[in-house]
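Q: Starting off with a structure, shown below.
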Amino acid sequence: MSKVKVVTDPEVIKLMLESTRRQILSLLRSKEMTISQLSEILGKTPQTIYHHIEKLKEAGLVEVKRTEMKGNLIEKYYGRTADAFYINLYLGDEELRYFARSRLKTKLGIFRALGYEFDDEKLLDIMDRLLKKEHEYKTQISREIEENEERLRDASDEDIIHAIEWLSMARMARDEEFRKLMEELGKTLKK
C-alpha cells in the first residue's frame, strides 16, 4: 500500500466527497473490513455498501486485500490503496471550486461569533487565494512523497502527514505572493 496517493481527477475527488464513501475510506484507514462489517457500522444495507465499494474500487481508492472462507462463503476484506489521499479542490473544475469556497463560507459565522469584523467577499477572496496556494504546495510535496515511497517506508502515516504540513509551510513562507496575502488577511480579519 502506498503512503500517499495524490488524487487529481475531479470526478474521483467528487466521488470521494460523498458522505458514505468518506466514512468507508475513514473506517478502512485503520483496518481491512468486509462489506458486512461496514454495513453494520454505518447502518446501511450491504447492497448500498457494495455499490459504494465498487465505485471506490473503480476509482483506484479501495482494493480487495484478502479473502477468507466462512463456511461455503468467501468473504472479501477491503482496504485502502494508500494510507493518505491528498486531494486538491483547486484543479480548475468549477464544481470543486464552488465546493471549496462554500466550505470557506462556513468559517465566517465562527469569526463573527468571536467578535471579528470584516467584509465577507474580501475575506472570502483572500482565504480562497491562500487555500489555492496551500493546495498547490501540498500537491507538489505529496507527489514528491509518492516518488520517494521506498525511501519513506518506515515513516508513519502521521509523520508523513505532518511532513507535508511542515514542508508546505516552509515553501509558502518563501512565496512572496503568499506572504502578501497573509498580511492582507491580518488587516482584513480584525476585532
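Q: Which of the residues belonging to region 78-95 are assigned to a strand (DSSP E or B) and of a type outside the set (Asp, Glu)? Reasoning before the result, please.
A: Let us first name the residues in region 78-95 that are assigned to a strand (DSSP E or B), namely 78-80, 82-87.
Matches in region 78-95: 78, 79, 80, 82, 84, 85, 86, 87.
Q: Looking only at region 93-127, which residues are of a type in the set (Ser, Thr, Tyr) and under 20 Å from residue 183 (Cα atoms)?
A: 116
Q: Related question: Between a first residue in region 166-191 that is farther than 20 Å from residue 139 by Cβ and a second residue that is hydroxyl-bearing (Ser, Thr, Tyr), which pairs have beta carbons less than 9 Å apart while being 6 or more apart in sequence or on different chains?
A: Short answer, once both residue conditions are applied: 189/116; 190/116; 191/116.
Q: Is it the case that some residue within region 136-157 is more than 30 Å from residue 25 (Cβ to Cβ) and either open to solvent by less than 50 Å² (accessible area, probe 1.4 Å) or in contact (Cβ under 8 Å) with a residue 24 or more places away in the chain (or both)? Spell out the reasoning first.
A: Here is the first cut: in region 136-157, the ones more than 30 Å from residue 25 (Cβ to Cβ) are none.
No, there is no match, as no residue in region 136-157 is more than 30 Å from residue 25 (Cβ to Cβ) and either open to solvent by less than 50 Å² (accessible area, probe 1.4 Å) or in contact (Cβ under 8 Å) with a residue 24 or more places away in the chain (or both).
Q: Kindly indicate the residue of region 161-191 that is under 24 Å from residue 101 (Cα atoms) and assigned to a loop (DSSP other than H, G, I, E, B) and also modelled with the highest pLDDT among those meeting that condition.
A: Out of the qualifying residues, it is 175.
Okay, residues lined up against (1) outside any helix (DSSP H, G or I); (2) of a type outside the set (Asp, Glu):
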site: 76; (1), (2): yes, yes
site: 97; (1), (2): no, yes
site: 107; (1), (2): no, yes
site: 112; (1), (2): no, yes
site: 123; (1), (2): no, yes
site: 132; (1), (2): no, yes
site: 159; (1), (2): no, no
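Q: Among 16, 1, 69, which is in contact (Cβ under 8 Å) with a residue 24 or more places away in the chain, open to solvent by 40 Å² or more (accessible area, probe 1.4 Å) and among the hydrophobic types (A, V, I, L, M, F, W, C)? I'd like the intermediate steps shown before the answer.
A: Numbers: 16 fails: open to solvent by 40 Å² or more (accessible area, probe 1.4 Å); 69 fails: in contact (Cβ under 8 Å) with a residue 24 or more places away in the chain.
1 is the lone residue from the list that is in contact (Cβ under 8 Å) with a residue 24 or more places away in the chain, open to solvent by 40 Å² or more (accessible area, probe 1.4 Å) and among the hydrophobic types (A, V, I, L, M, F, W, C).
Q: Test residue 15 against the stated conditions and say whether it is within 28 Å of residue 136 (Cα to Cα), in contact with a strand residue (DSSP E or B) (Cβ under 7 Å, 6 or more places away or on another chain) and assigned to a helix (DSSP H, G or I). It would help to see each step written out before you state the result.
A: Numbers: within 28 Å of residue 136 (Cα to Cα): yes; in contact with a strand residue (DSSP E or B) (Cβ under 7 Å, 6 or more places away or on another chain): no; assigned to a helix (DSSP H, G or I): yes.
Spelling it out, it is not the case that residue 15 is within 28 Å of residue 136 (Cα to Cα), in contact with a strand residue (DSSP E or B) (Cβ under 7 Å, 6 or more places away or on another chain) and assigned to a helix (DSSP H, G or I).
Q: Would you check which residues across region 85-111 are in contact with a Lys or Arg (Cβ under 9 Å, 6 or more places away or on another chain), open to solvent by less than 20 Å² (accessible area, probe 1.4 Å) and either modelled with pLDDT of 90 or more or charged (D, E, K, R) (or both) and list them?
A: Those that are in contact with a Lys or Arg (Cβ under 9 Å, 6 or more places away or on another chain), open to solvent by less than 20 Å² (accessible area, probe 1.4 Å) and either modelled with pLDDT of 90 or more or charged (D, E, K, R) (or both): none in region 85-111.
Q: So which residues in region 72-84 are touching a strand residue (DSSP E or B) at 6+ places or on another chain (Cβ under 9 Å) and either open to solvent by 60 Å² or more (accessible area, probe 1.4 Å) or free of Cβ contacts under 8 Å to residues at least 12 places away in the same chain (or both)?
A: Of the residues in region 72-84, the ones touching a strand residue (DSSP E or B) at 6+ places or on another chain (Cβ under 9 Å) are 74-84.
74, 76, listed by residue number.
Q: For residue 131, indicate whether it is open to solvent by less than 50 Å² (accessible area, probe 1.4 Å), within 20 Å of residue 10 (Cβ to Cβ), out of contact with any strand residue (DSSP E or B) (no Cβ under 9 Å at 6 or more places or on another chain) and among the aliphatic types (A, V, I, L, M).
A: Numbers: open to solvent by less than 50 Å² (accessible area, probe 1.4 Å): yes; within 20 Å of residue 10 (Cβ to Cβ): yes; out of contact with any strand residue (DSSP E or B) (no Cβ under 9 Å at 6 or more places or on another chain): yes; among the aliphatic types (A, V, I, L, M): yes.
Considered against the rule, which asks whether it is open to solvent by less than 50 Å² (accessible area, probe 1.4 Å), within 20 Å of residue 10 (Cβ to Cβ), out of contact with any strand residue (DSSP E or B) (no Cβ under 9 Å at 6 or more places or on another chain) and among the aliphatic types (A, V, I, L, M), residue 131 comes out as yes.
Q: Tally the residues that are loosely packed, with under 13 Cβ neighbours inside 10 Å and not in a helix (DSSP H, G or I), restricting the search to region 19-46.
A: Count: 3.
The values are calculated or read from the model by the stated rules, or taken from the named source; none is laboratory data. Remember, it's a predicted structure, so these values are computed and weren't measured experimentally. Backbone-built Cβ (ideal geometry, glycine too); neighbour counts: all protein chains shown. When the accessible area is computed, the model is the full protein with side chains, heavy atoms only, and any ligands, DNA or RNA have been set aside. Shrake-Rupley method; radii C 1.70, N 1.55, O 1.52, S 1.80 Å.
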